[in-house]
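Everything below concerns the one structure shown next.
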Amino acid sequence: WGVVLLAPIVASIAILLWSSFALSSPSYPAILQSIFLSFLAVALLASIMAIQDMITRWSVCAPCMDVDVLMYQSPTSTPKNNDTSPTIFLAEDLFVQSILMGDGATVHNVIAPSGGKLLRHNYQEDEISRNEIATLSFSKWIQQSSTTSSGKLSDDILRMTLLESIGGGGSAYPTTLPKSNPFYFGHARHSKSIRKRLKFSAVNANPGQQQIIVPVVRALCAFSGGIGDAMSEIYRQLDKDGKPLYKNNSAELWKLPPGMLHALEFSTIAASRIVVMNSVMIDKNGCVVVNASRRHERLSLLLPCILQSAYKARCGLLEYAKATANMREVYLSTYDKSDKSDGLGRFIDDKCPELCSTIEACNGSAKMAMKALLNSGDHSFEELLQRKWKGGMRKWLGSI
């Protein structure tokens, strides 16, 4: 519309040029007519551009996006070590590359297959350790290289679209659920998208090899946990000895972009939905129940990693809220004690409402994963709480 406002100026300049060449000056009605036609032409051009931009945005970001539509399957023969089998870039590869924003070290960590035939307990330990390494790697990449290695709007739009297609649809664990289905997998299009990825992974599974959906879940956990670790490092208020850090005296604070909060919410929910949906079945009464026979599958053994990453993401969000309170000189220990909630919770509800849905996603995803883990008859969860997850994480899991 700025171009539209230039129309009178262009018309005036044209009139001056007309007069400078000693031509007869146009009549007043002719001047008005030219200005009107200029406005009309420019307004029509601006409207066409606006409609085209709106259609483009809708086409890229509209719900019901199917990731397979973005993939043009063109097998190319890439001989390597006398191997002439075709190499195909799958939708799962697009998920991993897009979610991790081109962080090569983390991508390599999540796609690398587990070595050897491991016992269930050892494989679960391997996945937990792998998740720790991946989240730490992605956290360092965010703090050191993300500003120079990423930042393209098209990449951000693609990432948000992919994450929303499997992690959108609201809370991971609503307060009201039908008895026949105690798990919430989003709207029909979200559950359909996840079921399609699981079915494709199962059809292409080979004995002794990891399913192609496993790296996607690892990438989702690394993304959410890595962002949580990065936020905890950037916004931390106290050092290891409990002393305030000097950086907290600053009156400035890095704001969390809404897109990042939504991406964190979608990734946390998506990881939980994929693994839990793979672990359930419909019984003879038509109810959705956990299939205990699948608790030893490699995908099901990623449930502890979901809890691990959800906790890291939640801790990062709480550190950001504490930093915001510190910047505003709000004392959380005495902030609004009118009800049973703590000062930090009340402060987030009042001053940082944009964090509520993401924190709820962390709680809901962990609750869904815990329910599937306990109902499967796997007793390793209690062992993990006793041996590895102590302190804040044990308290948080007990509260939800």
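No value in this document is a laboratory result; all are computed from the given coordinates. Keep in mind that this is a model prediction, so the values were computed, not measured. So basically every Cβ, Gly included, is an ideal-geometry build from the backbone, and we count neighbours across all protein chains shown.
Zone of His108 (label point 7 Å along Cα→Cβ, backbone N under 17 Å): which residues in the stretch 123-139?
Backbone N within reach: 130-131, 133-139.
Which FRET efficiency value, to the nearest 0.05, do you get for Arg328 and Leu40 by plugging their Cβ-Cβ distance into 1/(1 + (r/R0)^6) with R0 = 56 Å?
0.65
State which entries of Lys322/Lys390; Lys152/Lys312; Lys152/Lys367 exceed 28 angstrom in Cα-Cα distance in the structure shown.
Pairs exceeding 28 Å: Lys152/Lys367.
Output the peptides 102-109, 222-229, 389-396 sorted from most to least packed, where packing is the average of other Cβ atoms within 10 Å over each peptide's residues.
Averaged packing, sorted descending, gives the order 222-229, 102-109, 389-396.
Could you rank the peptides 352-359, 260-267, 164-171 by their average count of other C-beta atoms within 10 Å per residue, with the highest value first?
260-267, 164-171, 352-359
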